[in-house]
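Colleague: Following this message is one structure expressed as structure tokens.
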Amino acid sequence: MKNNADWSCDSCHTNNYAQQTTCRVCGREPGSATAALTLSEHRSLEVARDETVDFVESRYKDLPRPTISLAPVPPARPPAPKLPTVPARPAPAIPRAVPRPPRAPVSGTTMRKAVRVVLIGAAALVLFANLGRIGDLLGSLSTSGAGRTAKPCPVEASRWLPDGGENAELVARYDTGKHTVTICRDSAGSYHYDGQLKGKPTNSDNHISLPAEKSATGFIAVNGEYRYEISGQDLTVKYKGKVQARMRLESLPS
């Protein structure tokens, strides 16, 4: 061979090393596949030193092989007992609607009672809405059947009324603790509000006299942006619609 490469026998296709000059199986030289092979030319297989294999016995050859024990098969469970069948309940019967008895016709007596209740309610509403007018009417009666006359307006309040307060009558008088408030009605039937600071002289700084109007709950007097409202037992003073003071009224004997 010209090179030192491994080669394959072209007769038996055995792979050979480069240092071998003949095939290690069939003994042929490279390229001699067509040559006749005689038994005398057969050579024994030569094994290179580096190809020898030393066999070493395993140290586990005499050890006993492990045995695998299978888990016991659990016994089959007994079949579940059959539950007793419950008969189906019948559907509840739907109650039928009971027809209402016919209404009895309205009798004449029932109608008259209903009309009477309506008329009494309407009369009560009219009376409540006209309490102020009824009070004016009762106050205008200056003389009773026994010949008694209404009490005249006090001098300190009547002096500021038209015509000097002639024939003016006292309607109500109150005490706030700091003021004396007097309501009088003149001969023409108009109301007047008189306020006096207690313990002070009667002048423009301590006294005020204003025309007043009767309301459903008392009296109202207006002085520019100020508004004086008497409602029940309270006196409320407002300025531009805002409450400035609220005082408790005590009725004075008339």
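Colleague: Can you tell me which residue within the stretch 168-189, out of those that are under 54 Å from the mean Cα position of the chain (by Cα) and small (G, A, S), is farthest from P253 (Cα to Cα)?
Modeller: The qualifying residue farthest from P253 (Cα to Cα) is G177.
Colleague: Here is a list of conditions, (1) touching a residue at least 60 places away in the same chain (Cβ under 8 Å); (2) closer than 19 Å to N130 by Cβ; (3) surrounded by 15 or more Cβ atoms within 10 Å (Cβ to Cβ), and L235 meets all of them except one; can you say which number that is?
Modeller: The one condition L235 does not meet is (2).
Colleague: Restricting to the stretch 159-198, count the residues that are among the small types (G, A, S), free of Cβ contacts under 8 Å to residues at least 40 places away in the same chain and in a loop (DSSP other than H, G, I, E, B).
Modeller: Number satisfying all stated conditions: 4.
Colleague: Take R246 and decide whether it is of a type in the set (K, R) and closer than 14 Å to Y193 by Cβ.
Modeller: no
Every residue, every condition in (1) closer than 25 Å to F128 by Cα; (2) buried (at least 16 other Cβ atoms within 10 Å of the Cβ), yes or no:
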{"residue": "R159", "(1), (2)": "no, no"}
{"residue": "D175", "(1), (2)": "no, no"}
{"residue": "H179", "(1), (2)": "no, yes"}
{"residue": "Y228", "(1), (2)": "yes, yes"}
{"residue": "K240", "(1), (2)": "no, no"}
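Colleague: Looking at (1) in contact with a strand residue (DSSP E or B) (Cβ under 6 Å, 6 or more places away or on another chain); (2) under 26 Å from A129 (Cα atoms), can you tell me which one Q244 breaks?
Modeller: Every condition holds for Q244 apart from (2).
Colleague: Residue check: is T143 farther than 15 Å from A221 by Cβ and either surrounded by 14 or more Cβ atoms within 10 Å (Cβ to Cβ) or at pLDDT below 80 (or both)?
Modeller: So T143 fits the description; yes.
Colleague: Let me ask something else about it. On the given criteria, is Q196 in contact with a helix residue (DSSP H, G or I) (Cβ under 8 Å, 6 or more places away or on another chain) and farther than 26 Å from N130 by Cα?
Modeller: yes
Colleague: Go through the stretch 205-217 and count every residue that is surrounded by 12 or more Cβ atoms within 10 Å (Cβ to Cβ) and within 24 Å of R159 (Cβ to Cβ).
Modeller: 9
The values are calculated or read from the model by the stated rules, or taken from the named source; none is laboratory data. Predicted, not measured: the structure shown is a model, and the values here were computed from it. Virtual Cβ from ideal backbone geometry, glycine too; neighbours counted across all protein chains shown.
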